[in-house]
Ligand code: AKB
């Protein structure tokens, strides 16, 4: 058995920031190489390589230099940003994944992680307890790239034996890093406004219920899936995975328990249509049965933890907080 040497691509994003820290805790800092098109914002001691994922030669160079055995490929344009530039979204999301899968095939990597999303679903998908195998027909370019990405992942496994693993993430909520260009971003932005004592203009309607997950659950799910024995896995494309579902109105009511003066108002924009094409909740029995998935955070536990941590961060250093968190 060779030692695990992990490359995280897209380490400066919302998930990448927190997942890279968790991976360093599990595998040791010297065994986790982070990479991103953007250089790290904060003072950062670990090993970082700048990488545009469309540059396959540079990817190969990093692979060789660090003797990489596993890749977590997180770099992608999300749903809302993706609609503003569908061509670039196709290019980055598809060709980036293709470069990673080709490297994995040619260099015999042990494992690849590819994040899928609830964006693979579309208006014809059953909205509640959405089954694993169902009509997809996504309605955004981001969703299309995730659906095709899932097919590619499964293809590289069955055709070439590349062990690709994937989760269909719901909206992810975290205090450590801001999201960047998704339809579920409101569920993070709302906390920043609430703790700053400001009112929040919500770009989704009050009763738009979507699946969501708190970051510690998302990170644990990812690492658990990657460490599950391969013979337990029913599939090598996106597992449905469930934690919480709520609407903006329900989230605001929860926040008001801690910040009673908090005020939300609704001004839906183009992201409303995207949200309406997604689902409310998923049936994730494959994830539960295959590798024992179980969420820890419900709406109230997540809200309490978010507010506690954001207040702590803000009280430590307001200018550093603003630099990192305000989009
Ligand atoms: C988005 O809103 O685009 C993402 C996602 C659900 O994949 N957070």
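Brief remarks follow.
- Those strands (runs of 3 or more DSSP E) of the stretch 153-220 in which at least 1 residues are within 18 Å of the chain's Cα centre (by Cα) and more than 11 Å from the ligand (Cβ to nearest atom), considering only elements entirely within it, cover 210-214.
- Answer residue from the stretch 251-287, given it is part of a loop (DSSP other than H, G, I, E, B) and within 16 Å of the ligand (Cβ to nearest atom) and is farthest from residue 192 (Cα to Cα) among those: 284
- The lone criterion from (1) assigned by TED's automatic domain parsing to the domain that holds residue 74; (2) surrounded by fewer than 16 Cβ atoms within 10 Å (Cβ to Cβ); (3) in contact with a strand residue (DSSP E or B) (Cβ under 6 Å, 6 or more places away or on another chain) left unmet by residue 236 is number (2).
- Evaluation of residue 142 against the conditions (1) within 23 Å of residue 56 (Cα to Cα); (2) more than 11 Å from the ligand (Cβ to nearest atom); (3) buried (at least 20 other Cβ atoms within 10 Å of the Cβ) shows that the sole unmet condition is (2).
- Scanning the stretch 103-115 for residues that are away from the ligand (no atom under 16 Å from the Cβ) and outside any loop (DSSP other than H, G, I, E, B) yields 103, 104, 105, 106, 111, 112.
- Looking across the stretch 116-139 at every residue that is part of a loop (DSSP other than H, G, I, E, B) and crowded, with 24+ Cβ neighbours inside 10 Å, the one that is farthest from the chain's Cα centre (by Cα) is identified as 138.
The values are calculated or read from the model by the stated rules, or taken from the named source; none is laboratory data. Keep in mind that what you see is a predicted model, and the values were worked out from it rather than measured. Cβ atoms come from the backbone with ideal geometry, glycine included; neighbour counts cover every protein chain shown.
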